[in-house]
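Read-outs: derived from the displayed coordinates by stated rules, not from any lab. Since we're looking at a predicted model, the values are computed, not measured. For neighbour counting, all protein chains shown are included, and Cβ atoms are generated from backbone atoms with ideal geometry for every residue, glycine included.
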Amino acid sequence: MADPITLEVFSDYVCPWCYLGDNRVKQLKENYDVTIKLVHFPLHPETPAEGRTLADMFGTGPEEIAQKNARMQGLMQAEGLPFKDRSHTYNSRLAQEVGKWAETQPGGDAIHDKFFAAYFVDQRNIGDVEVILDIVKAAGLDVDEARKVIEERAFKNAVDADWAKSHQYGVTGVPTFVVAAPDGQLHGLVGAQPLEGLEQLAQAAGAQKKVG
């Protein structure tokens, strides 16, 4: 049997389309023999520690923000995803570094869902250290070790490498999905693609459909 293909998913925890796309990637993984590799992307790296209102970020008023939230509510409900209206975005850099660390721990991949839920459902500032540590605890990981990771910026270089790969690949928006075909050529899709689009991308890379 051929080895599973690797699907690189460029993403940011504060991106609603990434939250939506993540759900579809899970469905893809249920049906195809694929390995998912999360690549962190700097969506709003200039966001201050206390966060920034969406109205300020988009340069618009409350009515337009309400319309954006209503649209996302409809999309999330169709996917069966919990979602609450957003008013702020937050700096996700430290969360990304902790996410990289978590991947080195048994069962640590679960933290990615926890970060999405903390922001899109619980409306928490995932740039705040204590909030991050609460999420680490909820994921069943070592809080003291995570605090040390944050204080020492132990996974700074790992996230820097992800950001550099985003630049190398020419990624300017997320989610972006990239696979390598059998001939080594890279294929990609941008945006919260429907499941069918992800299946076609996986098939182009030679992914095998699971049996049974």
What shape does the chain have by the C-alpha gyration tensor, where a ≥ b ≥ c are the square roots of the eigenvalues, rounded means a/c under 1.5, and otherwise prolate means a/b greater than b/c and oblate the rest?
oblate
May I ask you to compute the full-extension gain from GLN168 to HIS44, defined as 0.36 nm times their residue separation minus their alpha-carbon distance, rounded to one decimal in nm?
42.8 nm
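Quick one: compute the contact order of the chain, relative version, from alpha carbon pairs under 8 angstrom and 6+ residues apart, as a percent.
After rounding, I find 32 percent.
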Looking at ALA49, VAL149, TYR119, which one has the Cα that reaches farthest to the positive end of the dipole of region 46-151 (charges on Cβ: Lys, Arg +1; Asp, Glu -1)?
TYR119
Helix-only estimate, please: 222 nm mean residue ellipticity of the chain, summing -39500 (n - 2.57) across DSSP H runs of length 4 or more and dividing by its residues, to the nearest 500.
-15000 deg cm²/dmol
Give me the lysines in straight-line cross-link reach of LYS26: C-alpha distance below 30 Å, same-chain residues under 8 apart excluded.
LYS37, LYS68, LYS84, LYS100, LYS114, LYS137, LYS156, LYS165, LYS209, LYS210
Rounded to whole Å, give me the distance from the Cα center of region 119-137 to that of region 148-212.
25 Å
ALA110 paired with LYS37, simple spin-label distance in nm, labels 7 Å along Cα-to-beta-carbon
2.6 nm
Would you please classify the overall shape of region 68-140 from the alpha carbon gyration tensor, given that a ≥ b ≥ c denote the square roots of the eigenvalues, rounded means a/c under 1.5, and beyond that prolate means a/b larger than b/c while oblate covers the rest?
prolate
What are the ³J(HN,Hα) values, in whole Hz, obtained from phi via the Karplus relation 6.51 cos²θ - 1.76 cosθ + 1.60 with θ = phi - 60°, for each residue of region 179-192 in sequence order, with x given for Gly and Pro?
9, 9, 6, x, 7, x, 6, 7, 10, x, 9, 10, x, 6
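Report the extension gain between ALA181 and GLN77 in nm, rounded to one decimal, defined as 0.36 nm multiplied by the number of residues separating them, less their alpha carbon distance. Working shown, then result.
Values: separation 104, 0.36 × 104 = 37.44 nm, distance 3.38 nm.
Difference between extended and current length: 34.1 nm.
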Karplus ³J(HN,Hα) for region 48-64 (6.51 cos²θ - 1.76 cosθ + 1.60, θ = phi - 60°; Hz, whole; x = Gly/Pro) runs x, 4, 7, x, 8, 5, 5, 4, 5, 5, 8, x, 9, x, x, 5, 5
Give the order of TYR90, TYR169, TYR119 when sorted by the count of other beta carbons within 10 angstrom, beginning with the fewest.
TYR169, TYR90, TYR119
Please compute the length gained on full extension between GLU145 and ASP122, using 0.36 nm multiplied by the number of residues separating them and subtracting their Cα-Cα distance.
5.9 nm
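Once R0 is set to 35 Å, what does the formula 1/(1 + (r/R0)^6) return for the Cβ-Cβ distance between ALA204 and GLN67, expressed as a FRET efficiency to the nearest 0.05?
0.45
Mind giving me the FRET efficiency for ARG52 and GLU196? R0 is 22 Å, r the Cβ-Cβ distance, nearest 0.05 is fine.
Numbers: r = 35 Å, r/R0 = 1.60.
That pair, ARG52 with GLU196, gives E of 0.05.
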